[in-house]
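Before any comments, here is the structure.
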Amino acid sequence: MSEKLSKKEELAHKLAKSFNEKKDIKLYLYVVNHYKETAINKAYEDTMKVPDEKIKKTRSALFFFLMKKYDKEDKNISTID
């Protein structure tokens, strides 16, 4: 029997699969539990829009860069309010 995954676990698996890094599922589980979902989703969408030839390192590296940037921006906006 397989267990039903939580929404966060599903997102972690989606990210790991999309970036061809299923072996790093623990990293993605950490991400979904420590970063805002809005930052994760925006970074994912923006990362997937970039053509392969424009990726300088790896698609997952771009994702992590954008996710941290968006998460930080979101926290800065929240503190101003």
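Miscellaneous remarks
- Any pair with Cβ under 7 angstrom, 6 or more apart, that starts in the stretch 6-32 at a residue that is among the hydroxyl-bearing types (Ser, Thr, Tyr) and ends at one that is surrounded by 15 or more Cβ atoms within 10 Å (Cβ to Cβ) and at pLDDT 95 or above: Tyr28/Ala12; Tyr28/Leu15; Tyr28/Ala16
- All of Lys42, Lys36 fail the test of being modelled with pLDDT under 95 and closer than 18 Å to Glu73 by Cβ, apart from Lys36.
- Of the residues making up the stretch 42-51, just one is out of contact with any helix residue (DSSP H, G or I) (no Cβ under 8 Å at 6 or more places or on another chain) and either of a type in the set (Asp, Glu) or touching a residue at least 24 places away in the same chain (Cβ under 8 Å) (or both), namely Glu45.
- Leading residue by the ranking (modelled with the lowest pLDDT) among those in the stretch 59-80 that are over 22 Å from Glu10 (Cα atoms) and of a type outside the set (Asp, Glu): Ile80
The values are calculated or read from the model by the stated rules, or taken from the named source; none is laboratory data. Since we're looking at a predicted model, the values are computed, not measured. Glycine gets a Cβ as well: all are built from the backbone with ideal geometry, and neighbour counts include every protein chain shown.
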